[in-house]
Amino acid sequence: MAEQQNILSEEKEGILYLTINRETKLNALNIATIEELRTAFEEVVDNKSIKGVIITGSGEKAFVAGADISEIAELTELNARKFAENGQDVFNLIENCPKPVIAVVNGFALGGGCELAMACHMRIATANAKFGQPEVNLGIILVMAERSA
């Protein structure tokens, strides 16, 4: 597995454990983390020794508490659209992964974090898991449809 800054990875007995490791940001998704997820899942598809994937978030507060708003606030409209499209592409890659992908939701799964959990084939929630899509309060709706090329 390629060296990554925001995702910890460990392979044990054919299972790849991916931990989103941005605990101080409640594991919020930023551009780099989305790309690291893409890289990880591209490698999963090609790696015959990996039989399945488990995704979780570091710490006990959040699985993924959505997108990193501090980073998104700095983006132009075009770059924000590209960020959203890249995220959707990665979620589609996860959803269509030929190997089972399990989300272990250990805290907040909000917005993009809830979408990430929904992209997984199975979700296991700890007692402190909280799912939500607060973007609807901003008049933004979730679109999980696959984009055409």
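Points worth noting:
- Highest-fluctuation residue, E74, E23, E36 considered, GNM on the chain with Cα pairs under 10 Å: E74
- Taking every DSSP bridge with both residues inside the stretch 7-138, close to 25 percent are antiparallel.
- Between the labelled values (i) 1.07; (ii) 1.17; (iii) 0.98, the entry that holds Cα Rg over 2.2 N^0.38 Å as derived from this structure is (iii).
- If you run the Gaussian network model on the chain, springs between alpha carbon atoms under 10 Å, then out of A109, A40, A28 the most flexible one is A40.
- In a fully extended conformation the segment linking K61 and A125 would gain 21.8 nm over its present Cα-Cα distance, using 0.36 nm per residue.
- Simple spin-label estimate for E74 and N92 in nanometres, 7 Å along Cα-Cβ: 2.8 nm
- Only lysines eight or more places from K12 in sequence, or on another chain, were considered; those with a Cα closer than 26 Å are K48, K51, K61, K99.
- Taking amide H as placed 1.01 Å from N in the peptide plane, E11 has its amide H under 5 Å from the amide H of Y17, each at least 5 places away in sequence or on another chain.
Bear in mind these aren't lab numbers, they're just calculated from the coordinates by the rules spelled out. The shown structure was predicted, so the numbers you read here are calculated from the model rather than taken from an experiment. Positions of Cβ are generated from backbone atoms using ideal geometry, with glycine treated the same way; all protein chains shown enter the neighbour counts.
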